[in-house]
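Have a look at the structure below, then the notes.
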Amino acid sequence: MDKWIYGYDKQRSVFNHLHIRNYEPKDFNKLIEIQMKAFPPPFPSDLWWTEEQLENQIQTFEDGCICIEVDGEVAGSMTTMITTLHDDNLDHRWDDITANGTIKTHESNGNTLYVVDLCVNPEFRSIGLGKQLTQAMYETVVHLKLERLVGGARMPNYYVYENELTAEEYVNQVIKAEIKDPVVSFLLKAGRSPIKPVKDYLEDAESCNYGLLTEWRNPFYKEVEPE
């Protein structure tokens with residue numbers, strides 16, 4: 001993927017030159033640095049990318065490995081893989097479905113583009129880089145003629161409400177804009193629809209180990225009839 005666009009930084013009132021492309025080994029150190037900035041403790045440090053994971057990703061499914069540059073500086077990335085998901089087999093753990101982030105479980109003949117990770121340097125979040133990366137992956141879903149994009153989202157404000165709301169009730173209040181969650185609220189604005197919160201999805205104290213499955217369905221998808 002190679003896409004050139006412009007982004008407007010509201011805080012600085014300037015336009016930025018944005019470039020979306022596939023990430024390469026030369027980017028690994030920067031991508032790991034961004035992960036450390038974007039997911040500080042109490043997020044588990046052992047869930048930050050390693051060079052081995054990143055190498056496995058680009059070797060397995062290069063089309064699903066993209067980064068975004070702001071005026072030539074890598075400022076975020078998004079990693080996806082293809083898997084098979086149906087509404088009756090949705091419960092899973094992140095580390096199981098992604099093979100601990102190596103995406104060795106990638107299925108080229110699957111029906112779903114699965115989001116392994118979306119990460120943006122906090123210093124550049126005012127430009128809308130996450131939305132640009134997400135939009136690029138919607139285009140990938142259409143290009144590859146897949147049924148949908150699915151991802152498990154963190155719910156980083158849920159720990160504040162854990163004793164008074166179930167995970168489902170928390171998500172419903174975020175949908176109604178009665179509670180703001182930085183991740184879930186962003187995904188809703190980016191066109192994703194909630195499916196269900198999954199218990200023990202990820203080791204994440206802030207999310208109380210929940211992950212909210214969300215999806216974007218390909219409006220052009222046509223199911224192939226069996227011969």
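The values are calculated or read from the model by the stated rules, or taken from the named source; none is laboratory data. The structure displayed is predicted, hence computed values, not measured ones. Every residue, glycine as well, gets a Cβ built from its backbone with ideal geometry; the counts of neighbours run over all protein chains shown.
Observations, loosely collected:
- Under the condition of being under 13 Å from the mean Cα position of the chain (by Cα) and of a type outside the set (Val, Ile, Thr), the residues counted in region 77-108 number 5.
- Candidate set: region 184-205, residues that are at pLDDT below 95 and under 19 Å from PRO42 (Cα atoms); chosen: the one surrounded by the fewest Cβ atoms within 10 Å (Cβ to Cβ): ALA205
- Within region 49-58, none of the residues are exposed (fewer than 14 other Cβ atoms within 10 Å of the Cβ) and either under 16 Å from ASN121 (Cα atoms) or under 16 Å from the mean Cα position of the chain (by Cα) (or both).
- Condition check for ASN111: farther than 26 Å from GLU51 by Cβ and loosely packed, with under 15 Cβ neighbours inside 10 Å: no
- Selected residue [over 22 Å from SER207 (Cβ atoms) and polar (S, T, N, Q)] from GLN35, GLN57: GLN57
- Residue in region 5-23 that is modelled with pLDDT of 95 or more, farther than 24 Å from LYS131 by Cα and not small (Gly, Ala, Ser) present: no
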